[in-house]
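Contents: one structure, followed by commentary.
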Amino acid sequence: MAKPDFYELLGVSRDADEKTLKSAFRKKAMEFHPDRNPGDAEAEQKFKAINEAYEVLRDDQKRAAYDRFGHQAFEQGGGFGGFGGAGAGGAGMGDIFEEIFGEFMGGARRRSPGGAQRGSDVRYNLEITLEEAFEGKTVDLVLPVSTVCGTCSGSGAKPGTQPTTCGTCGGLGKVRMSQGFFAMERTCPTCGGRGEVIKDPCETCNGTGRVTEERTLSVSIPAGIDDGNRIRVAGEGEAGVRGAPSGDLYIFVSIKPHAIFQRDGADLFCRAPISVVTAALGGAFEVPALDGGRARVKVPEGTQTGKQFRLRGKGMPILRQRDMGDMYVQVMVETPQNLTKRQRELLEAFEEESGDHNHPETSGFFSKVKDFFGG
C-alpha cells in the first residue's frame, strides 16, 4: 500500500513555510493524539504518520530530498544517507512532540535532571448536602498519600550515599536506536528513565524516595458550589520522585438529592400542593428556605394546577459572587378525598350552581370536541 503524501497528511501546500508547517502539525497532532483517542488504532497510525511527515518536512535537507525523490529517498538502499539521519543529531518523534507541545502540556511529561519526576495528582470524591452547598463549609479530609521519605530526604539512596549516573544512557533516561534515515527512542532499560541508578537503596522507602502515610487536610468549600464542580489544591497530591514537586489534589464535589428542592444552576425548584378552596378563593402558604427562614407564596383567586411562582433572591448563592438565584414554586391543586356526606352534598350543590363561566377551560375543550364530531 502506497504511503500518503506528507504535505497532504499535514494539510499544507508544497511551498508552506516553517511556521505554517508547525501550526498544521500542532493541529493534527492534537486531533489524533492517543490520549484523546484511547483504543483507536486508526488514530494511532495517523498520529505516527503525521509525526513522520513533520520530522521530514521540518528539515531543509530531508525536505529537498523528499520533494525530488518522494518516499524513495528514505527507503533502505535509497542512497540518500549523506543527508544525515535522525540518529546523527536529528530529532526523534518524542523530541518533536516535546518541542511542539512542551509549553502546552506544562512540561508534565519531562523529567528534570537527576531522575526527578513530578508527583501524581490525587482525586478525592466529596459528597455534601444542598444546605452545605448553600452555606459553604470547611471540611477535614484524611488522605492516604505518598510523602517524601524522611530518612533519605527523597533521594531514594541510603543515608551517606548518593545515586549514580546511569552508565547505559549517560543520565538521559532514554536510549536511541538508529535505523536507516530515522532514529527510534525508548526508555532506558537500566534506570527506567530516571537517568540514575541507586546501588544502596534507602531501607525505609526501598529506593523510591517516598512513603505512604495518612494526612489530614482542611479544605474550604465555597458557598454556591454546584454538583460536578472540582476544587484544585496545589501541591497536595503525591510527592514527587527524587525531590521533584508534588502533584495536586482535585476534590470532585457531588451534592446529595434534597427532599424538597431540585437545583438548576443557582435556581431552586419545588412543587407544593394546595387545596381546591385555596386555588379557587386565593390564599397564601409558606415554603422553607435554605437560609433557615421561610418564604411566603401568595396564591391569587382562580389559580390553576401547574402555575409557577417566582421568589427572587431565594435560590442558591452564585459562586464567588454576591448575587443569589431565584426559587420557583409550582402549585399542584389537590383533589379532595374521603369526603363526608355533608362535604359531598356541598360539592353537589356547588356543581348545580356552576356554569361555563366557572370552568372556561372545560367548556372550551368540550365545545371543540362537539365541533370535531360535527355537532
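The values are calculated or read from the model by the stated rules, or taken from the named source; none is laboratory data. Bear in mind that the values here come from a model prediction, so they are computed numbers and not experimental data. Reconstructed Cβ throughout: ideal geometry from the backbone, glycine too, with neighbour counts over all protein chains shown. These area figures cover heavy atoms from the full protein model, side chains too; ligands, DNA and RNA do not enter into them. Shrake-Rupley method; radii C 1.70, N 1.55, O 1.52, S 1.80 Å.
Brief remarks on what is shown
- Distant-in-sequence amide H partners of Met316 (H built 1.01 Å from N, under 5 Å): Asp267, Leu268, Gly325, Asp326
- Cα-based reach from Lys307 at 23 Å (exclusive), listing lysines while leaving out same-chain residues under 8 positions away: Lys298
- Of Met30, Met184, the residue with the largest accessible area leads and the full order is Met184, Met30 (1.4 Å probe).
- Amide H partners (placed H, <5 Å) of Gly154, local residues excluded: Cys149
- Pairwise FRET efficiency - Ser254 versus Lys307, Cβ, R0 = 25 Å, nearest 0.05: 0.15
- Accessible carbon and sulfur surface of the stretch 119-228 relative to its total accessible area, %, 1.4 Å: 45 percent
- Under the Karplus curve 6.51 cos²θ - 1.76 cosθ + 1.60, θ = phi - 60°, whole-Hz ³J(HN,Hα) for the stretch 217-226, x wherever Gly or Pro sits: 10, 8, 10, 8, 9, x, 5, x, 4, 10
- FRET efficiency, 1/(1 + (r/R0)^6) with R0 22 Å, evaluated for Thr138 and Glu214 via beta carbons: 0.70
- Residue-count net charge about Pro159 - beta-carbon cut-off 11 Å; Lys, Arg +1, Asp, Glu -1: -1
- Phi-derived couplings, Karplus 6.51 cos²θ - 1.76 cosθ + 1.60 at θ = phi - 60°, listed residue by residue for the stretch 144-156: x, 10, 7, 10, 5, 5, x, 6, 10, 6, x, 6, x Hz, with x used for Gly and Pro.
- Fully extended contour minus Cα-Cα distance, from Cys270 to Ala41, at 0.36 nm per residue: 77.6 nm
- Computed packing ranks the peptides 290-297, 118-125 as 118-125, 290-297, most packed first, by mean other Cβ atoms within 10 Å.
- Close amide H partners of Glu196, meaning residues 5 or more places away or on another chain with modelled amide H under 5 Å apart, are Cys166.
- Spatially proximal lysines relative to Lys199 (Cα-Cα < 19 Å; intrachain offsets below 8 disregarded): Lys158
- For the stretch 276-316, the spherically averaged projection of the C-alpha convex hull amounts to 3.1 nm².
- Note: relative contact order over the stretch 216-330, using C-alpha pairs below 8 Å and six or more positions apart, is 23 percent.
- Rounded if a/c under 1.5, otherwise prolate or oblate - the stretch 161-220, Cα gyration tensor axes: oblate
- Bridging of Lys28 to lysines at a Cα separation below 23 Å is possible for Lys3, Lys19, Lys46, Lys48, Lys62, once same-chain residues fewer than 8 apart are set aside.
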